[in-house]
Amino acid sequence: QVYAPAHFPLRVPRAFVAKMAVGDAHDPLLKQVLPDRQEQIAVTGYITDPLAENDQNPIKGLLHKYQSRILLTVTGACAIHCRYCFRQHFDYNANMPTSTEHLAIASYIKEHPEVNEVILSGGDPLSVSNRRLFAWLDTLEAIPQLTTIRLHTRLPLVIPERLDDALLDRFSQSRCNIVLVVHCNHANEIDTNTAQYLQRARVAGIVLLNQAVLLKGINDSVETQTALSQRLFAAGVLP
Ligand code: SF4
């Protein structure tokens with residue numbers, strides 16, 4: 001019986017499940033998504049806001065922690081629930097900017113000329129529709145001081161088809177540098193289909209980077225990390 005906490009239930013797309021080895025309880029992709037009762041063990045010193053984000057939240061939907069960049073929580077939704085997620089207790093309901101609040105966010109950025117980069121995050125920023133995402137891009141590109149728009153996303157790995165033609169076309173037309181940071185933790189997440197979609201994004205002029213989480217029993221060996229870096233690089237992603 002699968003343990004499933006109400007605030008953060010099991011969620012995984014079939015395309016990601018298809019990359020798992022059938023019958024292997026220690027599959028490194030399965031272990032990233034299968035809820036475990038050990039999650040509920042209270043550990044002294046562990047907190048639900050490990051990055052102290054609640055203190056860096058001057059207006060709704062906007063985190064300002066580092067001088068030159070801000071982070072926008074454009075959605076609380078994700079295609080997959082990663083058991084290690086450090087935002088699983090984040091109060092998205094209180095931090096979901098509506099379309100009218102784009103203006104307040106744009107004003108905040110203009111009042112802080114030291115900000116040159118905006119990170120679209122969440123949740124997963126690619127889990128919103130192209131229409132909503134393009135509205136964010138329109139708002140941000142109209143702010144002259146911004147040079148870079150960065151998106152942190154797992155979707156190219158768990159549903160590669162999300163990198164559709166309309167999205168890649170819009171990215172390639174941006175006046176800003178578009179940087180996609182995919183969160184890949186294991187080489188098995190990049191099969192042939194995933195690699196092809198990542199390569200298409202690269203051809204469209206998008207900078208592709210990876211940020212991995214070091215996970216016990218999943219990728220905490222030199223061999224696993226080497227394989228991950230090599231598979232990423234072959235798919236056009238800089239580890
Ligand atoms: S995709 Fe990112 S934000 Fe969403 S559950 Fe996984 S780690 Fe958390």
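The values are calculated or read from the model by the stated rules, or taken from the named source; none is laboratory data. Model, not experiment: these values are computed from the prediction. Because the Cβ atoms are built from the backbone with ideal geometry, glycine has one as well, and the counts that use them run over all protein chains shown. The accessibility values were calculated without ligands, DNA or RNA, using every heavy atom of the protein model including side chains. Shrake-Rupley method; radii C 1.70, N 1.55, O 1.52, S 1.80 Å.
Side notes on the structure shown:
- Considering region 111-228, the qualifying helices (runs of 4 or more DSSP H), each wholly inside and each with 2 or more residues that are open to solvent by 20 Å² or more (accessible area, probe 1.4 Å), run over 130-141, 165-172, 192-203.
- Those residues of region 71-80 which are under 19 Å from R11 (Cβ atoms) and away from the ligand (no atom under 11 Å from the Cβ), in sequence order: V74
- Residue ID - farthest from the chain's Cα centre (by Cα), chosen from residues in region 1-18 that are at pLDDT 90 or above and open to solvent by 60 Å² or more (accessible area, probe 1.4 Å): A18
- Complete set of residues in region 81-101 that are near the ligand (Cβ under 7 Å from one of its atoms), in contact (Cβ under 8 Å) with a residue 40 or more places away in the chain and more than 17 Å from C184 (Cβ to Cβ): Q88
- Selection status of K60, open to solvent by 40 Å² or more (accessible area, probe 1.4 Å), of a type in the set (K, R) and without any contact (Cβ under 8 Å) to a residue 40 or more places away in the chain: no
- Check on A21, over 27 Å from D91 (Cα atoms), away from the ligand (no atom under 13 Å from the Cβ), surrounded by fewer than 10 Cβ atoms within 10 Å (Cβ to Cβ) and among the hydrophobic types (A, V, I, L, M, F, W, C): no
- Residue, nearest to the chain's Cα centre (by Cα), within region 24-38, restricted to residues that are loosely packed, with under 14 Cβ neighbours inside 10 Å and closer than 26 Å to F90 by Cβ: D36
- In the set (1) of a type in the set (A, V, I, L, M, F, W, C); (2) more than 12 Å from the ligand (Cβ to nearest atom); (3) at pLDDT below 95; (4) surrounded by 14 or more Cβ atoms within 10 Å (Cβ to Cβ), I41 fails one condition alone, (4).
- Qualifying residue in region 195-202 (condition: within 16 Å of the ligand (Cβ to nearest atom) and within 25 Å of R83 (Cβ to Cβ)): no
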